[in-house]
Amino acid sequence: MQVAFFHTSSADNMPPGQRYVILYDGEGEISLYGEIQNEQQTAGRIQFDLGGDGTFWFQIESSATSNHIRNIRIVRIEDENVDLEAYPFYQTFLDKLAPFQVLRVMDWMHTNNSPVEHWEDRRQLGYYTYGGERGVPLEVIVQLANQTRKDIWVCVPHAADDNYIYQMASLFATTLDPSITIFLEYSNEVWNGIFEQSEYNESNNPLLLSPGAAYAQKARRVFSIWHEVFAGNPCRVKRVLGLQAGNNYLNEMIINHLGQNEWDFGSPSHYFNLDHSELGEPRLDLLGGNASVDDIMLNAWNTFLRNKDYLKEDFRNVQLMGKDVITYEGGQHFVGNVFGIPYDYQQAMWDAQHSQAMYDMYQSVLDSIADWGCILATNYSLVGPQENIYGSWGMLDDIDVTGPYLFTAPKYQVHLDNAPNTVCIAEARNRWRQCTPYALQLQAWPDSEPPLIEEAPFYVYPNPGSDHIWVKGNEDKEVQFFDYSGRILFSTTQQWISTDELPQGIYLIKSGEHTVKWIKI
């Protein structure tokens, strides 16, 4: 029997210049191919040094029928004696995760285009590889969360049936450390047409709802089943609605098709992009190969400034529902030509990844969304190569990168600098573990339905999401203004009240038994 079993390339998984060992149970013969040096074989063990670019493979040449080769492990030589069942995670990986509070495992679960529908479809612990279209076993995700004591953000496959959703929730309920909070999301970027979950959302839509409303209905089903399983402590499960950053109309359809008590957080991304068109400033298409890192980063900053009002409006709309904003992904989004052809200025895009200007851009974007009220910002990827036309997504080039990170990995350093201290971590966790983001959930109308104008107790112009508004009270009705801690700022019976002098913040406007929340940003 001959079986080609393993292949790695471009040093993505196993960097060259290191010594590795292949361990296995059973009897048989294994051959190694590629840039292999200093190979030593004994029963159940092959030691070798990896050279070249890290590309190699091995092949099972023969295997005893009565004691076949199995349980194959490949580790660095220094990890040979680690108990991989109890401690399966590379220590440097754990060290790099340590400063952060929440782990979103969307890609680890292979959420996009997932083929999983039934519980028996899921990746099993005993399967020979945890790569591929079914992702890692859910038990491994639980093990990582328990070992790191990090809150975990999981995504339910788009086509999962009710039993899968129930069994997944039950697994987390019974095996996850009870002190750990779960952020729960239905699939990922269901609005994104490049993924199968987008087509599924529209084709599995018997009521012919808009895409946003159809997504909200599917999310409701997932949220409801999980809260049924976690009935004794539903606050552990934070129900997250994924939003398309800046698509205000779609996002309003999503958040307005669920009741006030049916979701917890609205979640756009906080990516920043390059404008490769004639609208970009500076014009990268004209600069071509002469474009510098400064040109790249100035174009990114100007593009962010041009688009930020749309993202800011998403924040307002979520907050007007009495909810907090958390971002599901974010960071630089510098990718190559849609046809897979590098731009003339591709090298400058790659060089920018390790620049001080990239650090500064991340800091400015994180500062902006924090000012708008974001309480949790989630970067897309921890590790990934920086020179790839399909995106330099990782904060680190590879997991073994060492400091000083300001020079070797500025995208990682800026997140370290923004990771809260231990006191802030406790405060943040206390906040997102509340059953509702705010102590008060007051509305001007019941059941999230807009009021008829003739029935409104008072009027707000132009709308409660504007920076500057006028309030028109009814005759003989006192209008009171509160800050969000509940302190009354002033009251009046005047019919026209200017609010221009109030600072930025969240306010409650009350008249009689009716309350409107107003956000001045």
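The values are calculated or read from the model by the stated rules, or taken from the named source; none is laboratory data. Worth saying up front: this structure is predicted, and the values here are computed from it rather than measured. All Cβ positions, glycine included, derive from the backbone under ideal geometry; neighbour counts span all protein chains shown. Surface accessibility is based on the protein's heavy atoms, side chains included, excluding ligands, DNA and RNA. Shrake-Rupley method; radii C 1.70, N 1.55, O 1.52, S 1.80 Å.
Scan the stretch 383-411 residue by residue and report those that are under 23 Å from Phe183 (Cα atoms) and open to solvent by less than 30 Å² (accessible area, probe 1.4 Å).
Gly394, Met395 - these are the residues of the stretch 383-411 that are under 23 Å from Phe183 (Cα atoms) and open to solvent by less than 30 Å² (accessible area, probe 1.4 Å).
Determine which single condition Glu78 fails, assuming it passes every other condition in (1) out of contact with any Leu (no Cβ under 7 Å at 6 or more places or on another chain); (2) open to solvent by less than 50 Å² (accessible area, probe 1.4 Å); (3) more than 13 Å from Met14 (Cα to Cα).
(2)
Yes/no matrix, rows are residues, columns are (1) open to solvent by 30 Å² or more (accessible area, probe 1.4 Å); (2) at pLDDT 95 or above; (3) part of a helix (DSSP H, G or I); (4) under 17 Å from Asp162 (Cβ atoms):
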site	(1), (2), (3), (4)
Val190	no, yes, no, no
Gln197	no, yes, yes, no
Leu209	yes, no, no, no
Lys218	no, yes, yes, yes
Ser224	yes, yes, yes, yes
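Please go through the stretch 226-247 and pick out each residue that is within 18 Å of Asp314 (Cα to Cα) and open to solvent by 30 Å² or more (accessible area, probe 1.4 Å).
Start the filter on the stretch 226-247 by keeping residues that are within 18 Å of Asp314 (Cα to Cα), which leaves 239-247.
Of everything in the stretch 226-247, those that are within 18 Å of Asp314 (Cα to Cα) and open to solvent by 30 Å² or more (accessible area, probe 1.4 Å) turn out to be Gln244, Ala245, Asn247.
If you check Glu120, Glu85, Glu133, Glu80, which single one turns out to be touching a strand residue (DSSP E or B) at 6+ places or on another chain (Cβ under 6 Å) and over 30 Å from Gln413 (Cα atoms)?
Just a single option satisfies the conditions, and that option is Glu80.
Mind checking which pairs have a first residue in the stretch 333-345 that is within 17 Å of Ser292 (Cβ to Cβ) and a second that is polar (S, T, N, Q) and open to solvent by less than 70 Å² (accessible area, probe 1.4 Å), Cβ under 9 Å, 6 or more apart or different chains?
Matching pairs, first to second residue: Phe334/Asn273; Phe334/Gln353; Phe334/Ser392; Tyr343/Asn337; Tyr345/Ser292.
Do we have any residue at all in the stretch 191-205 that's more than 19 Å from Val105 (Cβ to Cβ), of a type in the set (D, E, K, R) and free of Cβ contacts under 8 Å to residues at least 60 places away in the same chain?
Yes: one or more hits.
In the stretch 148-184, which residues are open to solvent by 50 Å² or more (accessible area, probe 1.4 Å) and in contact (Cβ under 8 Å) with a residue 60 or more places away in the chain?
The answer is Asp162, Tyr166.
Looking at the stretch 410-423, I want the residues that are closer than 18 Å to Gln386 by Cβ and modelled with pLDDT of 95 or more and have a partner that is aliphatic (A, V, I, L, M) and assigned to a loop (DSSP other than H, G, I, E, B) with Cβ atoms under 9 Å, at least 6 apart or on another chain. Which pairs are those?
Pairs that qualify, where the first residue is closer than 18 Å to Gln386 by Cβ and modelled with pLDDT of 95 or more and the partner is aliphatic (A, V, I, L, M) and assigned to a loop (DSSP other than H, G, I, E, B), are Tyr412/Val401.
If you go through the stretch 132-145 one residue at a time, how many are open to solvent by 40 Å² or more (accessible area, probe 1.4 Å) and out of contact with any Ser or Thr (no Cβ under 8 Å at 6 or more places or on another chain)?
Residues that pass the stated criteria total 2.
From the set of residues in the stretch 266-303 that are of a type in the set (Ser, Thr, Tyr) and under 17 Å from Pro342 (Cα atoms), which is farthest from the chain's Cα centre (by Cα)?
Ser292
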